[in-house]
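Quick note: the coordinates plus some simple rules give every number you see, no bench work behind them. No experiment lies behind these values; they were computed from the predicted model shown.
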Amino acid sequence: GNMPFLNKCRQSGINFTNAFTAMPFTHETYKTIFKGTLPLSDYFDEEKISDSKLIKGIEKYGYQFKINSGYMDWFEAAYESGVWYNQGTSCSEILWGGLLCLMNMEEPAFILGHLLPEGHNPHFYSDMVSNDFEGVKNRIYAAREQMDKQLEYYADFLSDESITIYMSDHGFDSTP
């Protein structure tokens, strides 16, 4: 409710309200989507994602696949965007890196960005003050608002022909 840009996107796009991931955790969800494995069958498997049917399908249609996140080094080097981020990197920096990646590509690209720390515990955001640490619920709302503003800002750089997918594997509940 406190993300007006994403709410505006819902008005002109497709909004799945009853979709499910393999598990409510990024690591397992990525392994299932990109490797086709069951969530817990290879939980400790650290093999890089290199032979993905999904990525091959994306490439078959003329797109280069690039991952733009530092939290996950699960992809072969050929799929990395060329910028490494850590868990504390703001969504603005990751979105900027994705935009730079797009601008430097000569072929159409599919860029997968993974946004931290606004979307994950402890829900940090750029204009936090010390008293923001007192209420988790308020911090989550503020971090979502901050992320929404960043998504809107960077979306303005994309052409009208771009397809943008916003999704979360953390689910939805009535309390943020």
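Laid out as a table, the results:
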| quantity | calculated |
| --- | --- |
| Alpha-carbon centroid distance for the pair region 125-150 / region 17-31, whole angstrom | 25 |
| Rg and Dmax of region 60-151, Cα atoms only, in Å | 15.1, 51 |
| Lysine pairs within the chain, Cα separation less than 25 Å, 8 or more sequence positions apart or different chains | 19 |
